[in-house]
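Accompanying notes for the structure given below.
The values are calculated or read from the model by the stated rules, or taken from the named source; none is laboratory data. Note that the structure is predicted; figures quoted are calculated from it, not measured. Don't worry about glycine lacking a Cβ; one is built from the backbone with ideal geometry, like all the others, and counts go over all protein chains shown. Remember, those area values only see protein heavy atoms, side chains included, never the ligands or the DNA or RNA. Shrake-Rupley method; radii C 1.70, N 1.55, O 1.52, S 1.80 Å.
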Amino acid sequence: MQPDTSDAHAIVTCRGVSKIYAHGAVEVRAVDGLDLDVAAGDFAALSGPSGSGKTTLLNMIGGLDRPTSGTVTVDGEDLSGLSAAHLAELRLHKIGFVFQAYNLIPVLSALENIEFVLQLLGIDAKERHDRAAAALADVGLTGMEERRPSHLSGGQQQRVAVARALVARPAIVLADEPTANLDSKSADDLVSLMAELNARSGTTFLIGTHDARVIARARRHIEMIDGKITSDTTGDLADVVQ
Amino acid sequence: METFKLIVPLAWRSLWRNPRRTAITLVVVAVGLYSILVFAALLDAWAQSSRDAQLNLLTGSGQIHAKGYLDDPVVDRRMPPPGAKLRAALDVPQVREWVERVRVPAVVQSEYKTLPLTLLGVKPQAERAISFLPSQIAEGSYLIGNADPGIVLGRHLAQRLKTRVGKRVILMAQNADGSLAQRAFQVKGLFASNQTAEDSYAFTGIETAQKMLGIGNGISEISFRLASGAALAPEIARLRAAAAGLDVKPWKLLAPLAAAVDSFMTAFVYIWLWVMFVFMAIGIVNTQLMAVFERVREFGLLQALGMRPSLILAQVLLESALLIGVGVVFGMIASGATIFALRGGVDLGFLARGAEFIGAGHVLYPHLALSEFFEMSFLVWVLGVVIALWPARKAAHSRPVEAMSHAT
Ligand SMILES: Nc1ncnc2c1ncn2[C@@H]1O[C@H](COP(=O)(O)OP(=O)(O)OP(=O)(O)O)[C@@H](O)[C@H]1O
Ligand SMILES: [Mg+2]
């Protein structure tokens, strides 16, 4: 049950990835020459102090932002050459996102939010509905189909976001501080849910977080400081932390 | 099609998220279009009224003269009454009425003054169908028969001559053999019109004029009026074919000022349309830009979910198209109702002097051709959507990271 990271097919590969912001005359190296592989099926936590570059790295892996230098490959596809439209296409097919907040389209119901992604994929109405309903059931929200986001609790909203991130069966789910806005019970539940979905579907998770609960449940723990990876521990070590 | 099913509900629901802003845009578009359409209808009415005022004076839809008469309208440039062929061409349903006239330059003299004018010998009965002057008698009465020996002058001219109904004036004009014809007339009536017309024309029976000028049954002009709905150009062509050797001209050439007013009004409607549209555009761009900036996070989310920028553009544009479309429909309903309510006429009597000066009648009958009504509305809608491209592009090209960074 212990995946061998070195041999497993890498879903994400970062090679010499840097992101440099110019703050006036001062350069900020948000991500600094970073190498990283994320293996298929991984459930990895990315932690580090505020400003260490977690969000910047996740955004570059998700094709929402472009590195200043270096290459990012997702599921075998090098992102550097892709146009905005191609990146959108890639996100649609290969990447699910869960953000800290404002994950849902406010004018759509919970079910419609999930269906939306399937609709972008061109899946017909019947299948769309069935898959979205099943995804909602998977995150324990059966009965909430018609609710608009404003009528869902923070925890419920995050669950819908997780359901939506998974419904298109992406290669990887990128989550940035998914539990930061939740009370500890809801946060616990969300982490358990993600871990369970990872175990059940084998979907790869890379979660940027400060949250000890997330780090505790992760199979792999990557720590960043000043845009560099300072520690990367897998499996048993993470269990030891627990 | 699937794409539409995807973005239509999203666009429609998004519209109602900020009802106040949506309402503002609706009002801007509706009021703008309303003013364009109502103004167009009023201007159209004004143009028509001023054209009618001009044409109803004496011009008619067109006229026939001897060659050279229009350059030098003297008694020598006369023509015989219409022959069988021209008569047949004039006596058709497309021509509502036609009249023969003697029309020569003359001088009128009272005890106090001598003034130049144009003497018209007319057939009083037929004239009523062409010109409204016979019905604008302010004092005395109009002529009765073709041989009526009296004269009808303009009211203002009579004042200048210090004469009045019942008194006599002398008219002098060159007659057929080149000598000066002179005849005393009793003033039978005074007509009221604009001052230029009042000063320019004097009317007597056609036979009286022919006798005075010694021209037998010769005439100077035929004026005709087409039935409503008859097209001018083909009728002119038809009459030209029937009146070989004569000069047949449409009103646009006979009254270039009226024609100019006509095209000016049309141009003005479009100038107004653009002016109003600039105001509408400012309103649309402002509100839609605000809408886009407020939802920048949402557009970032849509991009993160894998919605292509072009599809986001389409969605925002569709929102604008729906919104502006609803505004256009409101504007059409309101202006349609207004134009319909005013169809009985708007009395401009209170600024009558001004209106007369420009040459319009007192009562305007607003109307707008259905095609024009729909064309302008459609144009406003299309232009509005084109303008909304700007905010829509902003939404589509917002960089996803910057958009999402608003989230934290
Ligand atoms: N758009 C930007 N322009 C300029 N500098 C930026 C931008 N985004 C991030 N930075 C800088 O890059 C560095 C890394 O930021 P990043 O948000 O990736 O850190 P983080 O680890 O996610 O922090 P946090 O835990 O607070 O979310 C910070 O110093 C930040 O100020
Ligand atoms: Mg962050």
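Summary table below
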quantity: Cross-link pairs B:K67/B:K252; B:K85/B:K188; A:K94/A:K126; B:K113/B:K188; B:K113/B:K252 - those with Cα-Cα distance over 25 Å; calculated: B:K85/B:K188; B:K113/B:K252
quantity: Neighbour cut-off at most 13 other Cβ (10 Å), DSSP loop, chymotrypsin sites (Phe, Trp or Tyr not before Pro), region B:98-164; calculated: B:Y112
quantity: With every protein chain in place, region A:182-237: carbon and sulfur % of accessible area (1.4 Å); calculated: 50 percent
quantity: 1.4 Å probe accessible area per residue over region B:1-138, in Å²; calculated: 44 Å²
quantity: Leading residue at positive end of dipole, region B:1-67 (Cβ point charges), from B:P9, B:A66, B:V38; calculated: B:P9
quantity: Assigned charges on the beta-carbon of Lys, Arg, Asp, Glu; region A:10-234 dipole about Cα centre (debye); calculated: 100 debye
quantity: Which of A:A133, A:Q157, A:A195, positive extreme of dipole for region A:117-218 (C-beta unit charges); calculated: A:A133
quantity: DSSP beta bridges in the protein assembly as shown [antiparallel fraction, %, rounded to 5]; calculated: 70 percent
quantity: Shape category assigned to the protein assembly as shown from the gyration tensor of Cα positions, a/c cut at 1.5; calculated: prolate
quantity: Antiparallel %, DSSP beta bridges [both residues in region B:68-244], to 5; calculated: 75 percent
quantity: For region A:10-234, share of DSSP beta bridges that run antiparallel, in % to the nearest 5; calculated: 60 percent
quantity: Dipole magnitude of the protein assembly as shown about its Cα centre (Cβ charges: Lys, Arg +1; Asp, Glu -1), debye to nearest 20; calculated: 3460 debye
quantity: Ordering of A:173-182, B:81-90 by packing [mean C-beta count within 10 Å, highest first]; calculated: A:173-182, B:81-90
quantity: Which of B:P134, A:L34, B:A47, positive extreme of dipole for the protein assembly as shown (C-beta unit charges); calculated: B:P134
quantity: Prolate/oblate/rounded call for chain A, Cα gyration tensor, a/c under 1.5 rounded; calculated: prolate
quantity: For region A:23-71: accessible area per residue (Å², 1.4 Å); calculated: 36 Å²
quantity: Carbon and sulfur %, accessible surface of region B:1-153 computed with the full protein complex present, 1.4 Å; calculated: 57 percent
quantity: Accessible area that becomes buried as B packs against A, both chains, 1.4 Å probe, Å², nearest 100; calculated: 2400 Å²
quantity: Computed [θ] at 222 nm, deg cm²/dmol, the protein assembly as shown (DSSP H ≥ 4; -39,500 (n - 2.57); rounded to nearest 500); calculated: -15000 deg cm²/dmol
quantity: Residue mean of other protein chain beta carbons inside 10 Å, A:82-91; calculated: 4
quantity: Of the DSSP H helices in chain B, those whose Cα atoms cover at least 27 Å axially and whose Kyte score averages -1.0 or more; calculated: B:19-54, B:256-294, B:309-341, B:370-397
quantity: Among A:185-192, A:15-22, the order from most to least packed when residues are scored by Cβ within 10 Å on average; calculated: A:185-192, A:15-22
quantity: Global form of region B:68-244, assessed from the alpha-carbon gyration tensor, a/c cut-off 1.5; calculated: prolate
quantity: Chain B - charge dipole about Cα centre, Lys and Arg +1 at Cβ, Asp and Glu -1, debye rounded to 20; calculated: 280 debye
